[in-house]
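The structure appears right after this line, and notes come after that.
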Amino acid sequence: MPALRLKCRDKVLDLSRPAIMGIVNLTPDSFSDGGQLYAGSRLSQSKTLVAIEKMLKDGADIIDIGGESTRPGAAEVSEQRELDRVLPILELIVSRFDTLVSVDTSTAAVMREATAKGAHLINDVRGLRGDGALDAAAQSGLPVCLMHMQNQPQTMQLEPVYQDVVAEVLTFLAGRKQACIEAGIAADQIIFDPGFGFGKTLTHNLSLFNAIDQFIASGQPVLVGVSRKAMIGQMLGTERSSQRLIGSVTMAVLAAQRGAAILRVHDVLETKQAIDIWQAITVKEQD
Ligand code: 8Y4
């Protein structure tokens, strides 16, 4: 199988080694003021830029910015609010840093505006099923990450049910890939993501994780996002998300070992070090 590469506007993302995507949440629930002061305030913006600068120094290849909270039960956000959260930071990142920027959105207008302002990748947790999203993504010419989610964030964790979670998620992604191709997106610009934690119980998540090889076999690059998610807490028997770091890094290494191309993480330094150790050992073995 040839090494995978994504064409991201003026840049190329080389996936012969796992790429690290650093998470930057622009939603109010991630700010200590509860978001009351966020609305684009300079203070929050400069804090965000400092966090991004650190992620890049720590080894992030991609910065993923999102203005819609998709946590279980989270409220919906208007298109204008999402634009107001994402676009100013996107402009600042593109002007200051030499990095790839991924935009976490399901909204066609955000895809279009973000593309105009220099985004490199579209990351849609709804797999481009929203109004106009498929066309907006196709017209962007950017790579797209198609993620599987059962139901919507408001209801997804109430009672997730599958006959065969792996088969159903694979079938869903194959169908969305076909829709993308019909809309004019190149097959080699499509990333698959099983969508850990999105309408899944721990058992479903583990079945999917243990089937990463089947997602890899599709030939699409696979993105894995498990960082700090509830499944880690469930496996460790701890409620506190501050105690999910080691579990998150462990799962990132296992995912990389099984062929994941992109790791979406909060803790870039720790993940990068763990991946570097695994890579150093693996390269030694091959010599
Ligand atoms: C603590 C912090 C606990 C964050 C849970 C979370 C994915 C994604 C999300 C993913 C792709 C999250 C936007 C959920 N997860 N995009 N986005 N794949 N492609 N929850 O797994 O991080 S948000």
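The values are calculated or read from the model by the stated rules, or taken from the named source; none is laboratory data. Quick caveat: nothing in here was measured; it's all calculated off a predicted structure. In this analysis, Cβ positions are derived from the backbone assuming ideal geometry, glycine residues included, and neighbour counts consider all displayed protein chains. Only protein heavy atoms, including side chains, enter the accessible area calculation; ligands, DNA and RNA are left aside. Shrake-Rupley method; radii C 1.70, N 1.55, O 1.52, S 1.80 Å.
Remarks
- Condition check for Ala256: part of a helix (DSSP H, G or I), away from the ligand (no atom under 14 Å from the Cβ) and touching a Leu at 6+ places or on another chain (Cβ under 8 Å): yes
- Pairs with Cβ under 7 Å, 6+ apart, first in the range 45-62 and part of a helix (DSSP H, G or I), second among the small types (Gly, Ala, Ser): Met55/Gly22
- Qualifying residue in the range 226-239 (condition: within 12 Å of the ligand (Cβ to nearest atom), crowded, with 22+ Cβ neighbours inside 10 Å and not aliphatic (A, V, I, L, M)): yes
- Members of the range 244-253 found to be open to solvent by 40 Å² or more (accessible area, probe 1.4 Å) and either more than 12 Å from the ligand (Cβ to nearest atom) or closer than 16 Å to Pro194 by Cβ (or both), listed by number: Ile246, Thr250
- So Leu223, is it buried (at least 24 other Cβ atoms within 10 Å of the Cβ) and either within 15 Å of the ligand (Cβ to nearest atom) or of a type in the set (D, E, K, R) (or both): yes
- A count restricted to the range 259-281 and to residues that are away from the ligand (no atom under 16 Å from the Cβ) and of a type in the set (A, V, I, L, M) stands at 6.
Residue-by-condition table, conditions (1) touching a Leu at 6+ places or on another chain (Cβ under 9 Å); (2) within 16 Å of the ligand (Cβ to nearest atom):
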position: Leu56; (1), (2): no, no
position: Thr105; (1), (2): no, yes
position: Leu121; (1), (2): yes, yes
position: Val161; (1), (2): no, no
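- Check on Gly175, away from the ligand (no atom under 15 Å from the Cβ), at negative phi and out of contact with any strand residue (DSSP E or B) (no Cβ under 7 Å at 6 or more places or on another chain): yes
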